[in-house]
Amino acid sequence: MIITKLHKDIEPVLLEPKIKGIKEAYFIIESEEQNIIVVNPGKNGVEFNKTEGYFRLDNDICIFQCLYGQGILIMQRGDESGNAKEFKVVTLQGGRQVIIPAGFGHCLVNIGKGLLVVLDNAPYEPRKYTGEYLFEKQGFAYYIVEKKGEIAFEENPSYKVHPQISSE
């Protein structure tokens, strides 16, 4: 089954939700064993196109493998009061494999000119994921944006604390 996520689906987590953006933001190609996530290129305002982002409810790890394209994997862990405690970014290119630790939310951002295609080792089961926290906060602690032709991080004003950005 193919699930299409539209611009209206990701509006709650965008920096500028009312600005016209990518009509079909991304696709999830489901199977019983794993999924393929395909994120379209382009921007929603100044922000690079992305997935909604999720936290796993079962606290299992996830393994993502980039099959094609250029992107950034955002990983964020919070504390009990809803503040961001850790914020990690991993650059993705074809062949790169990344383990998302238990307790971290994740989001894929396409920073390239073509499709970003990522294999996810866990079947897509909506009851195992939640984006509710991200909808309340209007996304993760930072947005990935373009400033003066460069990739930059914009603080999300919904967070009181913006942890240092670490990269792998």
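The values are calculated or read from the model by the stated rules, or taken from the named source; none is laboratory data. Computed from a predicted structure; not experimentally measured. Counting neighbours? That spans all protein chains shown, and the Cβs are built from the backbone with ideal geometry, glycine included.
Details
- For the stretch 56-68, the tally of residues that are buried (at least 16 other Cβ atoms within 10 Å of the Cβ) and not charged (D, E, K, R) stands at 6.
- Taking the listed residues GLY103, GLY112, GLY82, the one that is of a type in the set (Gly, Ala, Ser), at pLDDT 95 or above and either outside any strand (DSSP E or B) or surrounded by 15 or more Cβ atoms within 10 Å (Cβ to Cβ) (or both) is GLY112, with no other qualifying.
- Residue list for the stretch 1-28, filter: of a type in the set (A, V, I, L, M), over 23 Å from TYR142 (Cβ atoms) and at pLDDT 95 or above: LEU6
- Among the conditions (1) surrounded by fewer than 20 Cβ atoms within 10 Å (Cβ to Cβ); (2) farther than 24 Å from PRO41 by Cα, the only one that TYR159 does not satisfy is (1).
- Scanning the stretch 115-144 for residues that are part of a strand (DSSP E or B), surrounded by 18 or more Cβ atoms within 10 Å (Cβ to Cβ) and modelled with pLDDT of 95 or more gives LEU116, VAL117, VAL118, TYR142, TYR143, ILE144.
- Candidates GLY53, GLY45, GLY21, GLY71 - the one that is in contact with an Asp or Glu (Cβ under 6 Å, 6 or more places away or on another chain), closer than 27 Å to HIS162 by Cβ, surrounded by 15 or more Cβ atoms within 10 Å (Cβ to Cβ) and of a type outside the set (Lys, Arg): GLY45
- Any strands (runs of 3 or more DSSP E) falling wholly within the stretch 1-59 and containing at least 2 residues that are aromatic (Phe, Trp, Tyr): 24-30
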